[in-house]
Amino acid sequence: MIAAESTGTATKGFATHSPDAKFEPFEFTRRAVGPHDILIDIEYAGICHSDIHQAKNEWKDSMPTSYPLVPGHEIVGRVSQIGGEVTKFKVGDIAGIGCFIDSCRECASCKSGQEQFCVKQAAYTYNGTEMDRVTKTYGGYSNKYVIDENYALKVKAEGDLSGVAPLMCAGITTYSPLKRFNVGPGKKVGIVGLGGLGHMGVKIAKAMGAEVTIFSTSPSKEADAKALGADHFVVTKDPANLAPLTGTFNMILDTVSADHDVNPYLNLLGLNGAMVVVGVPPSPNTIHALSLIFGNKTLSGSLIGGIPETQEMLDFCAEHNITSDVEVIDPSRIEEAYDRTVKADVRYRFVIDMGAD
Ligand SMILES: [Zn+2]
Ligand SMILES: [Zn+2]
């Protein structure tokens, strides 16, 4: 099917117009479906903490917000139109969109399938521009998205798709480092923090075959941690709880975005152990070199994943029946969901029903 030329794609979304403004209906035009594009009728959009930071312009120094802002980079929906050259998708397929929608396709990062590190900077799904660096991008709090098929993900899961949307960011953010550090049977993995990221981390690490411990400041989360599949739950407020675990972990994934000391966790790593940070606390950490030198330990970071690995993660989650635990809301409740997400009062991700089903 070939789209009518240059008429564009009329889209209805929800935008905020300033850091303190409420979300309001917002109509805009996406590009017409080109030869390599697909049109996705969006069913669900997850609420990621980075949506909130950008809606409130809290990253004004590094990524200032361009208003009106339509956030949303955890998108799932159904393909309703395809361009003439499209080969990966057909009409009716379920498709997802994550944090970026295009990249230069020529640099070493792009060629190695790590488009998130494109040297020309990938085109972010919202609060960015297309690679022409002119056309503003609007995210998934909307009813349609037009995207090049090479930057859309195939979703094999059927049935309720609400829990699939958060895989596009929270899922790949945790899957990629677990995979990179060879988590699997016989490995002991610690997940620090049980929120949107942590709950995906425990599900994925368990499905990979590891023995999983959740570290949390909230004793009240123990039942949930066990229900999600964690083998052990450790309350971190009392250092005495950590002492017996010294040197016992192969890998620790730190998902906490509040200020905290990472040194106690480095002490829990065994020989050649690795700790990976995916949360972004406001203040820097101070790490003593000896914490890493003794035991040849690694401290690393991780940023989402490229398209091939994101597809691999979605296929892995479909195979193991992994979705995110979500609370589905109507678009009229975005502000309430933001407030509750900031207070960590959600189990474990809000997902907006965009109504296209
Ligand atoms: Zn995100
Ligand atoms: Zn590139």
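Restricting to the range 221-247, name every residue that is of a type in the set (Val, Ile, Thr) and surrounded by 15 or more Cβ atoms within 10 Å (Cβ to Cβ). Spell out the reasoning first.
Start the filter on the range 221-247 by keeping residues that are of a type in the set (Val, Ile, Thr), which leaves 234-236, 246.
VAL234, VAL235, THR236, listed by residue number.
Taking the condition over 29 Å from GLY209 (Cα atoms) and either out of contact with any strand residue (DSSP E or B) (no Cβ under 8 Å at 6 or more places or on another chain) or assigned to a loop (DSSP other than H, G, I, E, B) (or both), does GLY140 pass?
Values: over 29 Å from GLY209 (Cα atoms): yes; either out of contact with any strand residue (DSSP E or B) (no Cβ under 8 Å at 6 or more places or on another chain) or assigned to a loop (DSSP other than H, G, I, E, B) (or both): yes.
Taking the combined requirement at face value, the residue satisfies it.
Which one of these does THR129 not meet: (1) away from ligand 2 (no atom under 16 Å from the Cβ); (2) under 30 Å from SER332 (Cβ atoms); (3) not hydrophobic (A, V, I, L, M, F, W, C)?
THR129 satisfies every listed condition except (1).
I need the full set of residues from the range 110-126 which are more than 13 Å from ligand 2 (Cβ to nearest atom) and either among the polar types (S, T, N, Q) or in contact with a Leu (Cβ under 6 Å, 6 or more places away or on another chain) (or both), in order please. If you could, list the steps in order and put the result at the bottom.
Of the range 110-126, the ones more than 13 Å from ligand 2 (Cβ to nearest atom) are 124-126.
Residue satisfying the conditions is THR125 alone.
When the residues of the range 329-352 are narrowed to those that are exposed (fewer than 15 other Cβ atoms within 10 Å of the Cβ) and touching a residue at least 24 places away in the same chain (Cβ under 8 Å), which ends up nearest to GLY198 (Cα to Cα)?
It comes out as VAL342.
Can you name the residue in the range 82-109 that is of a type in the set (A, V, I, L, M, F, W, C) and under 22 Å from the mean Cα position of the chain (by Cα) and is also nearest to ligand 2 (Cβ to nearest atom) among such residues?
So the first thing to find is which residues in the range 82-109 are of a type in the set (A, V, I, L, M, F, W, C), and the list is 82, 86, 89, 91, 94-95, 97, 99-101, 104, 107-108.
Subsequent filtering for residues that are under 22 Å from the mean Cα position of the chain (by Cα) retains 94-95, 97, 99-101, 104.
On the way: ILE94: 27, ALA95: 22, ILE97: 18, CYS99: 15, PHE100: 11, ILE101: 13, CYS104: 3 Å.
So, considering only residues that are of a type in the set (A, V, I, L, M, F, W, C) and under 22 Å from the mean Cα position of the chain (by Cα), the one nearest to ligand 2 (Cβ to nearest atom) is CYS104.
For residues that are touching a residue at least 12 places away in the same chain (Cβ under 8 Å), part of a loop (DSSP other than H, G, I, E, B) and within 16 Å of ligand 1 (Cβ to nearest atom), scanning just the range 59-86, find the one that is surrounded by the fewest Cβ atoms within 10 Å (Cβ to Cβ). Quick ask: steps written out before the conclusion?
Of all residues in the range 59-86, those touching a residue at least 12 places away in the same chain (Cβ under 8 Å) come to 63, 65-86.
Filter once more, so that each one left must be part of a loop (DSSP other than H, G, I, E, B): 63, 65-68, 70-74, 83-86.
The next check asks that each one be within 16 Å of ligand 1 (Cβ to nearest atom); those that pass are 63, 65, 70-74.
Working: MET63: 15, THR65: 20, VAL70: 26, PRO71: 31, GLY72: 29, HIS73: 26, GLU74: 32.
Checking each candidate, the answer is MET63.
So for the range 308-326 (the condition being acidic (Asp, Glu), farther than 22 Å from GLY184 by Cβ and surrounded by fewer than 15 Cβ atoms within 10 Å (Cβ to Cβ)), does at least one residue qualify?
In the first step, residues of the range 308-326 are kept if they are acidic (Asp, Glu); the result is 309, 312, 315, 319, 325.
Still in the list and also farther than 22 Å from GLY184 by Cβ: 325.
Still in the running and surrounded by fewer than 15 Cβ atoms within 10 Å (Cβ to Cβ): none.
Within the range 308-326, not a single residue is acidic (Asp, Glu), farther than 22 Å from GLY184 by Cβ and surrounded by fewer than 15 Cβ atoms within 10 Å (Cβ to Cβ).
Checking GLU27 against (1) in contact with a His (Cβ under 6 Å, 6 or more places away or on another chain); (2) in a strand (DSSP E or B), which test does it fail?
Condition not satisfied by GLU27: (1).
For the range 108-134, enumerate the residues that are among the β-branched types (Val, Ile, Thr) and in contact (Cβ under 8 Å) with a residue 24 or more places away in the chain. Step through it out loud before you land on a result.
Going through the range 108-134, the residues among the β-branched types (Val, Ile, Thr) turn out to be 119, 125, 129, 134.
Residue satisfying the conditions is THR125 alone.
Name every residue in the range 244-262 that is touching a strand residue (DSSP E or B) at 6+ places or on another chain (Cβ under 7 Å) and in a loop (DSSP other than H, G, I, E, B), in order of residue number.
Within the range 244-262, GLY247, THR248, THR255, VAL256, VAL262 qualify.
The conditions are (1) away from ligand 1 (no atom under 16 Å from the Cβ); (2) part of a loop (DSSP other than H, G, I, E, B); (3) surrounded by 23 or more Cβ atoms within 10 Å (Cβ to Cβ), and TYR126 fails exactly one of them. Which is it?
Single failed check for TYR126: (1).
Read-outs throughout are calculated quantities, based only on the coordinates presented, and are distinct from any laboratory measurement. This is a predicted model, so every value here is computed, not measured. Neighbour counts run over all protein chains shown; Cβ positions are idealised from the backbone, glycine included.
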